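Colleague: Can you read through this structure? Questions will come right after.
The values are calculated or read from the model by the stated rules, or taken from the named source; none is laboratory data. What you see is a predicted model; the values in this text were computed from it and never measured. All Cβ positions, glycine included, derive from the backbone under ideal geometry; neighbour counts span all protein chains shown.
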Amino acid sequence: MKPIDYTIFFLTLGLIVFGMIMISSVSVYPSFKVTSLMVASGKLLEPNNHFYLIRNISHVVLGLLTFAFVAKTPYTFFEKYSKHLFLGSLLLLLAVLFIGVAYNGAKGWINVPFLPFSLQPVEFAKLGIVLYFSAYLKRKKAVISDFFNGFLPYMWLLMSVIILLILQPDFGSILLITPVAIGMFFVAGGNLKHLGISALVALIFATSVYYVGKTGASPKVSYISERVDNFLSDNKTSIQNQSINFQTKQGLIAIGSGGFFGLGFGKSVQKFGYLPEVQGDFIFSVIAEELWFFGVLMLLTVFWVIGYRAFQIGLSSEDLFAKYCAVGISLWILTQAFVNIGVNLNILPLTGVTLPFVSYGGSSLLSLLIGVGILLNISKHAKKAVANEYNANGSFRNKRAL
């Protein structure tokens, strides 16, 4: 048995520490604002500037304790119970439609007693998808290229999640989950023609949802259409989406004002009430404002290295579940980082997706750390398929790890 991949371990911890440092910088004004409201309602005696930082520390502590436990748990445990975890995540996505709490137009959170954050089921659905889809692809390996026995059931599983997300609505998570699922299917040997068909169906489905939203027949679907319209109109101000425009424009102002060298740590202007959700979805904009080129380059490099090494762990794993799971976690982290940064740079519509390990968000951090814990356990058991083949046969027959 090998040691865990310490590069991923230390880079992940580095991102978490970096996120805590940035949250300590950006959350001063939002903390004072929210605690002032709590004072007015009688929940606090006086306002403070560290509300979000303290809560973030509690998220990190809970996340790291869970991470340590998961990293010690054989990944085969998660394969065995992948179906139960996936069904559990679907039930949570269904439950949020009835008992969920709405925020910024989406009903995606459940208040759970004794947790230091509101539970966001979609974050755990991402994990459930990676685990169960990995088990499914392993089980269906022999027929995965078959349209009726491999492709269609896989797409039905994906659609079951997407439909529940549309009902919230959660456009950002759909934008994240879909490429992860498609990427896993491709790595498992899925037929490219089938993927082309799925892309066409997805385009037709997305277009239909967009135009249904334009009719105003469903307020939840209209929410998605408004965000797409806002993006396509280059964020021109309108009465309907003025708050969305404001957030996007302020994010771009923060990025642009940083220049090549940045304003310096703690010297952001936009964090003082100008940029909404500065500790969450738009923390990247303030990182660019304060640290700009060097900070952004460092951040992108760290994400790339984590994703690359996770992908390599998958390719070097002989067990198919471990292979697909590691690849899925790699795609999850990289896609989520890409979507978040793309929104901040205004090359993607506003989504509400957090920057992995850096943004404020308990559910996101906890689910990602569980994913990395599973990944590190896989890394302990991963073996080079080509090396084993060489040792067993006395000759090197195949240069491919897959």
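Colleague: In the range 1-32, what count of residues is obtained for those that are of a type outside the set (Val, Ile, Thr) and either in contact (Cβ under 8 Å) with a residue 60 or more places away in the chain or assigned to a loop (DSSP other than H, G, I, E, B) (or both)?
Modeller: 15
Colleague: Considering only residues that are assigned to a helix (DSSP H, G or I), among the hydrophobic types (A, V, I, L, M, F, W, C) and surrounded by 14 or more Cβ atoms within 10 Å (Cβ to Cβ), which ones fall in the range 117-142?
Modeller: Val122, Phe124, Ala125, Leu127, Ile129, Val130, Leu131, Phe133, Ala135, Leu137 - these are the residues of the range 117-142 that are assigned to a helix (DSSP H, G or I), among the hydrophobic types (A, V, I, L, M, F, W, C) and surrounded by 14 or more Cβ atoms within 10 Å (Cβ to Cβ).
Colleague: Regarding the range 309-325, can at least one residue be identified that is closer than 22 Å to Ile283 by Cα and crowded, with 24+ Cβ neighbours inside 10 Å?
Modeller: Looking through the range 309-325, none of the residues is closer than 22 Å to Ile283 by Cα and crowded, with 24+ Cβ neighbours inside 10 Å.
Colleague: Separate question: I'm trying to understand the selection: among the residues of the range 187-205, which are surrounded by fewer than 16 Cβ atoms within 10 Å (Cβ to Cβ) and in a helix (DSSP H, G or I)? Spell out the reasoning first.
Modeller: Our first condition is that a residue be surrounded by fewer than 16 Cβ atoms within 10 Å (Cβ to Cβ); within the range 187-205, this holds for 189, 192-193, 195-197, 199-201, 203-205.
Matches in the range 187-205: Leu192, Lys193, Leu195, Gly196, Ile197, Ala199, Leu200, Val201, Leu203, Ile204, Phe205.
Colleague: Of the conditions (1) modelled with pLDDT of 70 or more; (2) over 22 Å from the mean Cα position of the chain (by Cα), Thr248 fails just one. Which one is it?
Modeller: Tallying (1) modelled with pLDDT of 70 or more; (2) over 22 Å from the mean Cα position of the chain (by Cα), Thr248 fails exactly one: (2).
Colleague: Further question on the same structure: Does the range 311-332 include one or more residues that are modelled with pLDDT under 90 and either on the phi < 0 side of the Ramachandran plot or part of a loop (DSSP other than H, G, I, E, B) (or both)?
Modeller: no
Colleague: Continuing with the same structure: Go through (1) surrounded by 16 or more Cβ atoms within 10 Å (Cβ to Cβ); (2) within 21 Å of the chain's Cα centre (by Cα) for Thr7 and report which single condition fails.
Modeller: (1)
Colleague: Could you tell me whether the range 356-363 includes any residue that is in a loop (DSSP other than H, G, I, E, B), at pLDDT below 95 and more than 21 Å from the chain's Cα centre (by Cα)?
Modeller: no
Colleague: Take Met184 and tell me if it is under 29 Å from Asn344 (Cα atoms) and surrounded by fewer than 20 Cβ atoms within 10 Å (Cβ to Cβ).
Modeller: For Met184, the condition - under 29 Å from Asn344 (Cα atoms) and surrounded by fewer than 20 Cβ atoms within 10 Å (Cβ to Cβ) - is not met.
Colleague: Among the listed residues Ile197, Ile177, which satisfies the condition of being of a type in the set (Val, Ile, Thr) and under 15 Å from the mean Cα position of the chain (by Cα)?
Modeller: Ile177
Colleague: Follow-up question, since we're still on this one. Before we move on, is Gly342 free of Cβ contacts under 8 Å to residues at least 24 places away in the same chain, surrounded by fewer than 24 Cβ atoms within 10 Å (Cβ to Cβ) and under 25 Å from Pro121 (Cβ atoms)?
Modeller: The answer is yes for Gly342.
Colleague: For the range 143-161, give me each residue that is of a type in the set (Val, Ile, Thr) and surrounded by fewer than 19 Cβ atoms within 10 Å (Cβ to Cβ).
Modeller: Residue satisfying the conditions is Val143 alone.
Colleague: Next question. Looking at (1) under 19 Å from Asn344 (Cα atoms); (2) crowded, with 16+ Cβ neighbours inside 10 Å; (3) modelled with pLDDT of 90 or more, which one does Leu297 not meet, given that it meets all the others?
Modeller: (2)
Colleague: Moving on to the next point. Is there a residue being part of a helix (DSSP H, G or I) and within 22 Å of Thr76 (Cα to Cα) anywhere in the range 147-154?
Modeller: yes
Colleague: Further question: Look through Leu291, Leu275 and report the one residue that is surrounded by 15 or more Cβ atoms within 10 Å (Cβ to Cβ), part of a loop (DSSP other than H, G, I, E, B) and at pLDDT 85 or above.
Modeller: Details: Leu291 fails: part of a loop (DSSP other than H, G, I, E, B).
Matching residue, one of Leu291, Leu275: Leu275.
Colleague: For the range 21-33, does any single residue satisfy the condition of being basic (Lys, Arg) and over 30 Å from Ala310 (Cβ atoms)?
Modeller: The answer is yes, given that some residue of the range 21-33 is basic (Lys, Arg) and over 30 Å from Ala310 (Cβ atoms).
Colleague: Go through the range 205-241 and give me each residue that's within 24 Å of Ala288 (Cβ to Cβ) and at pLDDT below 65.
Modeller: Scanning the range 205-241 gives Asp234, Asn235, Lys236, Thr237, Asn241.
Colleague: Still on this structure: Checking the conditions here, which among Ala326, Ala337, Ala310 is under 20 Å from Ile177 (Cα atoms), in contact with a Pro (Cβ under 9 Å, 6 or more places away or on another chain) and of a type outside the set (Lys, Arg)?
Modeller: Numbers: Ala326 fails: in contact with a Pro (Cβ under 9 Å, 6 or more places away or on another chain); Ala310 fails: in contact with a Pro (Cβ under 9 Å, 6 or more places away or on another chain).
Going through Ala326, Ala337, Ala310 in turn, the sole match is Ala337.
Colleague: Out of Val122, Val112, Val143, Val101, I need the residue that is more than 22 Å from Lys323 (Cβ to Cβ) and free of Cβ contacts under 8 Å to residues at least 12 places away in the same chain. Which one?
Modeller: Step by step, each of Val122, Val112, Val143, Val101 is checked, and only Val112 is more than 22 Å from Lys323 (Cβ to Cβ) and free of Cβ contacts under 8 Å to residues at least 12 places away in the same chain.
Colleague: So, one more: So, Val343, is that one within 11 Å of the chain's Cα centre (by Cα) and at pLDDT below 95 or not?
Modeller: Details: within 11 Å of the chain's Cα centre (by Cα): no; at pLDDT below 95: yes.
So Val343 does not fit the description; no.
Colleague: For the subset of the range 300-318 comprising residues that are under 16 Å from the mean Cα position of the chain (by Cα) and of a type outside the set (Val, Ile, Thr), which member is farthest from Pro356 (Cα to Cα)?
Modeller: Per the stated criteria, the residue is Ala310.
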